[in-house]
Amino acid sequence: MTQKIRRLLKGLLKRRHPDSIDEIVAIEPGEELARFIFSSNHFNSTKIRPAAFLPPPDRKTSVFRKSKMGENEYLETRSLVSAKRKKAHKVTALIGVSTINLSKLGIEPEESDHKWHADIIDWPAEKEEQKLAAIILSQHASRE
């Protein structure tokens with residue numbers, strides 16, 4: 001990767017310092033979210049598996065607000081996340097904000113590293129309840 005491309009990609013995830021909370025664009029019910037998947041265990045040839053959405057210990061599942069990004073920014077972001085994780089991107093799970101709400105979870109912008117990053121939040125503490133919510137998300141997710 002050339003130095004110029006590396007600088008461009010780094011700039012996409014550069015820490016943002018908004019002057020006010022108003023600069024963070026509220027998440028709308030009709031938005032499409034992208035969950036980048038790096039493990040073959042999280043999908044099969046036709047669907048996304050619930051494990052793709054299960055939260056880490058901090059109970060925040062990372063997603064990107066695809067409908068807010070242009071195609072080039074989206075592709076560059078996906079490449080940068082892959083490089084940062086040092087893993088090859090396998091597929092992307094696409095899911096609507098309305099499905100997050102249906103599963104009784106929340107979604108909040110988390111733009112410290114990327115303008116269009118967000119976290120799925122409000123996961124229950126109990127693992128079995130997390131699995132049930134992840135099943136709902138996976139049933140409504142499409143593969144890209």
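Each reported figure results from applying straightforward, stated rules to the coordinates on display, with no laboratory input. Computed from a prediction, not measured in an experiment: that's the story for all the values here. Please note: Cβ atoms are built from the backbone with ideal geometry, for glycine as well, and neighbour counts cover all protein chains shown.
Here the spin labels are modelled as points 7 Å beyond Cα on the Cα-Cβ line, and at Q139 and D122 they lie 1.9 nm apart.
Averaging the inverse of every distinct alpha carbon separation and then flipping it gives the Kirkwood radius. What is it for region 26-144, in angstrom units? Let's see the in-between values first.
Values: mean 1/r = 0.0700 Å⁻¹.
Roughly 14.3 Å, rounded to one decimal.
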